[in-house]
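Below is one structure, written out as structure tokens; comments come after it.
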Amino acid sequence: MNCPHLLILGGARSGKSSEALKIAEEVFLKDPRQNPGGLFIATAQALDREMELRIDAHRKQRGEKWVTLEEPVRLCRALGEADKRFQVILIDCLTMWLSNVLISGSEDPLLEINRLADALKKTIIPTIMVSNEVGMGLVPENSLGRRFRDLQGILNQEIASLCCTVIFMAAGLPLALKGTIPDPGSC
């Protein structure tokens, strides 16, 4: 691929993370001798037992090909410090990152979205990002929910504009919204 970044959108349990991992490993992790080959930036925080189990399951699914960096808020710094030894970066997920930024109250979410866009423009390592499409449901009943939904829409649009490929996932099936779904045999 001549464009380094890819965005995978979808609803909860649509298959976003699995598709991102599949593309990362089948398309971008080309040198099996290079270990680790990928940098996985995890934005979720294990704030309860159920989330601990989810994070542990994802970590086991990735295996030793990946270095995991847990960064719930300072995503731009993590991208800036990404070592060029990695073949691919996978960020899972932008929705959790935005939620963390919004709830922390320490940063302006719009400014952080712009900073993330700037960091991605400087990142030469192919970067696959997972994000939820949250604007297809009901209008949230409270102002924080509406603000989050609106910011998520802004974030998704900004990141999609920087990616050569944008995939929408539904029922485990990928649909190319922009570009084409990477074919492991063609790269």
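The values are calculated or read from the model by the stated rules, or taken from the named source; none is laboratory data. Note that the structure is a prediction, hence the values are computed from the model and not measured. Every residue, glycine among them, receives a Cβ derived from its backbone with ideal geometry; neighbour counts consider all protein chains shown.
Here are the numbers:
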quantity	calculated
Failed condition for Leu98, given (1) under 26 Å from Glu26 (Cα atoms); (2) within 12 Å of the chain's Cα centre (by Cα)	(1)
Scan of the range 151-182 for residues that are touching a Gly at 6+ places or on another chain (Cβ under 8 Å) and either without any contact (Cβ under 8 Å) to a residue 60 or more places away in the chain or within 18 Å of Ile103 (Cβ to Cβ) (or both), ordered by number	Gln152, Gly153
Failed item, numbered, when Ala78 is tested on (1) at pLDDT below 90; (2) under 29 Å from Asp118 (Cβ atoms)	(1)
Some residue of the range 138-152 being hydroxyl-bearing (Ser, Thr, Tyr) and surrounded by 19 or more Cβ atoms within 10 Å (Cβ to Cβ)	no
One residue from Thr165, Thr180 being among the β-branched types (Val, Ile, Thr) and touching a Leu at 6+ places or on another chain (Cβ under 9 Å)	Thr165
The range 71-85, residues that are in contact (Cβ under 8 Å) with a residue 40 or more places away in the chain, within 16 Å of Met129 (Cβ to Cβ) and in contact with a Leu (Cβ under 9 Å, 6 or more places away or on another chain)	Leu75, Cys76, Leu79, Ala82
Filtered residues of the range 87-121 (kept if without any contact (Cβ under 8 Å) to a residue 60 or more places away in the chain and not in a helix (DSSP H, G or I))	Gln87, Ile89, Ile91, Gly105, Ser106, Glu107, Asp108
Counted residues, the range 130-151 - those being out of contact with any Asp or Glu (no Cβ under 8 Å at 6 or more places or on another chain) and outside any loop (DSSP other than H, G, I, E, B)	11
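Residue-wise test of (1) surrounded by 15 or more Cβ atoms within 10 Å (Cβ to Cβ); (2) assigned to a helix (DSSP H, G or I); (3) under 13 Å from the mean Cα position of the chain (by Cα); (4) at positive phi.
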position: Ile23; (1), (2), (3), (4): yes, yes, yes, no
position: Val27; (1), (2), (3), (4): yes, yes, no, no
position: Phe40; (1), (2), (3), (4): yes, no, yes, no
position: Ala46; (1), (2), (3), (4): no, no, no, no
position: Asp56; (1), (2), (3), (4): no, yes, no, no
position: Gln61; (1), (2), (3), (4): no, yes, no, no
position: Ala82; (1), (2), (3), (4): yes, no, no, no
position: Arg85; (1), (2), (3), (4): no, no, no, no
